[in-house]
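Engineer: To start, I am sharing the structure in question, which I have written as structure tokens.
The values are calculated or read from the model by the stated rules, or taken from the named source; none is laboratory data. What you see is a predicted model; the values in this text were computed from it and never measured. For neighbour counting, all protein chains shown are included, and Cβ atoms are generated from backbone atoms with ideal geometry for every residue, glycine included. Side chains are part of the model used for accessible areas, which takes the heavy atoms of the whole protein and leaves out ligands, DNA and RNA. Shrake-Rupley method; radii C 1.70, N 1.55, O 1.52, S 1.80 Å.
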Amino acid sequence: MVSPIPTSWKCFILKTLRGDPFQPVTRNCTDTYFDGVPVRIYQPMETPQSSLPAIVYFHGGGWVRWDVDFHHSTVNTIASGIDNAVMVQVEYRRAPEHIFPAAADDCTKATLYLIRHAKDYHIDANRVAVIGDSAGGNLAAAVSQRLTFDAKYKDVPKLKLQGLIYPCLQAFDLNLPSYQQHGHHVAVPLMKSKMIWYWSLYLQGNDELVKYFATNNHTSSKAKKSSFADFVSHDHIPNKFKYGEYVPPKSDDFGEEGVYQSIKKTLLNPDFAPLMRKDLRGLPEAYILISEFDVLRDDGILYGHRLEEAGVKVTWQHYDAGIHGMLTDNADYGSFNLFKLDAAVKSMEDLINFLKSVV
């Protein structure tokens, strides 16, 4: 949970312990609440003379793990790199104690609060972006869709940007090329077994769906022939990404109808799986970062393809040597030392440069 210390000391301590190859500490950090949701605000040290853009960040961790402390160094690096902007990191409720839509609700509430109280933080309400990595990318896409399409938000200023960093955007087909190619190798940080466990916990708070997710039996034969199946069609994945262990679908005549009917309402809900929304026209500009060696690579490809078809401007960043989680500057991630990868350094530089030019 967020530290109760509302000073920049927490930022200074964490920054000193973890280090930062990009920038020194240049932010004034405060832990507070937006409409009851814990957040950490990263503000310039000097009071701005004009309204600034704002970036709301939703951290990854499969809706289950990690918090604002874990992602602090990453967010502070981005904030320091952009310099002339305010960043807010949201401490949303996590599964299995709080299943869908708790995380999406918290992220929506925090974003709306910031927009509606923009002047209190020297922010331009028309220059607010949402960004997230992994599960946070799912939440960034979901919040963008809610604020765009929900009638009750029609008077809220439109978001400037949705930044989706190796996002997970659907659980309809868990046998896409990237799942097949990179889901079973222990050399990658996010294996298929872990990702389907996250989906199951987020959906219903336990791991009972894992055995169905593992074999793609959680949908029915009829569902695999529906219009929703086209959203995840392997035909939309460029051939250059179909290599190695990939095997094209040989049949759609399998599945568990009972399981599908029990989860269908959530599985097809765009708040849970943003890729499943039928009409994406009108969404804010998107920045999509995908990594080659990542089970979620194809989620980003499919969503970006559909956004472009809907007339939404998309900036693509694909890293051939990239892996899932590489943007996370945290020694606690494990033995992978992700932030030292060339692709990780390049992806952070590219993200910061893009944000400086757009928001």
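Engineer: Which entries of LYS119/LYS356; LYS265/LYS313; LYS240/LYS278; LYS225/LYS250 show an alpha-carbon separation above 18 angstrom in the structure shown? Intermediate results must be reported in sequence, preceding the final value.
Structural biologist: Numbers: LYS119/LYS356 21 Å; LYS265/LYS313 30 Å; LYS240/LYS278 27 Å; LYS225/LYS250 13 Å.
As for pairs spanning more than 18 Å Cα to Cα, those are LYS119/LYS356; LYS265/LYS313; LYS240/LYS278.
Engineer: So, with a 1.4 angstrom probe, what is the percent of accessible area on segment 146-281 that is carbon and sulfur? Walk me through the intermediate numbers first.
Structural biologist: On the way: 3140 of 6330 Å².
That fraction is 50 percent.
Engineer: Oh, and also: Shape call for segment 228-295 from the C-alpha gyration tensor, a ≥ b ≥ c root eigenvalues: rounded (a/c under 1.5), prolate (a/b greater than b/c) or oblate? Intermediate values should be presented prior to the final figure.
Structural biologist: Working: a/c = 2.06, a/b = 1.05, b/c = 1.97.
Here segment 228-295 falls in the oblate category.
Engineer: Enter the angle in degrees (range 0 to 90, nearest 10) between the Cα long axis of helix 9-18 and the first principal axis of the Cα atoms of the chain, meaning the one along which they spread out most.
Structural biologist: 60 degrees
Engineer: Sticking with this one: Using a 1.4 Å probe, what is the accessible area per residue for the chain, in Å²? Let's see the in-between values first.
Structural biologist: Values: 14450 Å² over 359 residues.
Result: 40 Å² per residue.
Engineer: Another one. Within the chain, which is the longest segment that contains none of the GluC sites (Glu not before Pro) sitting in a DSSP loop with at most 13 other Cβ atoms within 10 Å? Before the final figure, lay out each step's value.
Structural biologist: Details: sites that count: GLU46, GLU97, GLU208, GLU245.
Here the longest segment lacking exposed loop sites spans 246-359.
Engineer: Mind running the shape call on segment 122-173? Use the C-alpha gyration tensor, a ≥ b ≥ c as the square roots of the eigenvalues: rounded below 1.5 for a/c, prolate if a/b tops b/c, oblate otherwise. It would help to have the intermediate numbers written out before the result.
Structural biologist: On the way: a/c = 3.80, a/b = 1.53, b/c = 2.49.
Taking the square roots of the gyration eigenvalues as a ≥ b ≥ c, segment 122-173 is oblate.
Engineer: Assign one of three labels to the chain, namely rounded, prolate or oblate, based on the Cα gyration tensor with a ≥ b ≥ c the square roots of its eigenvalues; rounded applies when a/c is under 1.5, prolate when it is not and a/b is larger than b/c, and oblate otherwise.
Structural biologist: Values: a/c = 1.71, a/b = 1.49, b/c = 1.15.
Prolate, since a/c reaches 1.5 and a/b exceeds b/c.
Engineer: Can I ask one more? Would you calculate the separation in nanometres between label points at LYS225 and LYS154, each defined as 7 Å from the Cα along the Cα-to-beta-carbon direction?
Structural biologist: Result: 4.0 nm between the two label points.
Engineer: Using a 10 Å Cβ count of at most 10 others and DSSP loop calls, identify the longest part of the chain lacking such trypsin sites (Lys or Arg not before Pro).
Structural biologist: Details: sites that count: LYS154, LYS250, LYS278.
Value returned for the longest uninterrupted segment is 1-153.
Engineer: Given the DSSP H assignment, sum -39500 (n - 2.57) over each helix run of at least 4 residues in the chain and divide by its residue total; what's the result at 222 nm in deg cm²/dmol, nearest 500?
Structural biologist: Details: 11 runs with 121 residues, N = 359.
Estimated from H runs of four or more residues: -10000 deg cm²/dmol.
Engineer: Kindly state, to the nearest 0.05, the FRET efficiency for LYS119 paired with ASP342, given R0 = 41 Å and r defined as their beta-carbon distance.
Structural biologist: Details: r = 42 Å, r/R0 = 1.02.
Working from the Cβ atoms, E equals 0.45.
Engineer: Another question, then. Per residue of segment 33-42, in order, report the coupling 6.51 cos²θ - 1.76 cosθ + 1.60 (Karplus, θ = phi - 60°) as ³J(HN,Hα) in whole Hz, putting x for Gly and Pro.
Structural biologist: Once rounded to whole Hz, the list reads 10, 10, 6, x, 9, x, 9, 10, 9, 10.
Engineer: Stretch LYS278-ASP350 to full length: gain in nm at 0.36 nm per residue minus the Cα-Cα span?
Structural biologist: Numbers: separation 72, 0.36 × 72 = 25.92 nm, distance 3.07 nm.
Using 0.36 nm per residue and subtracting the Cα-Cα distance, I get 22.8 nm.
Engineer: Once amide H atoms are placed 1.01 Å from N in the peptide plane, what residues at a sequence separation of 5 or more from PHE34, or on another chain, have their amide H within under 5 Å of its amide H?
Structural biologist: The answer is VAL39.
Engineer: On to the next question. Once you put a point 7 Å from the Cα of TRP316 and another 7 Å from the Cα of LYS240, both along the Cβ direction, what distance in nm separates them?
Structural biologist: 0.7 nm
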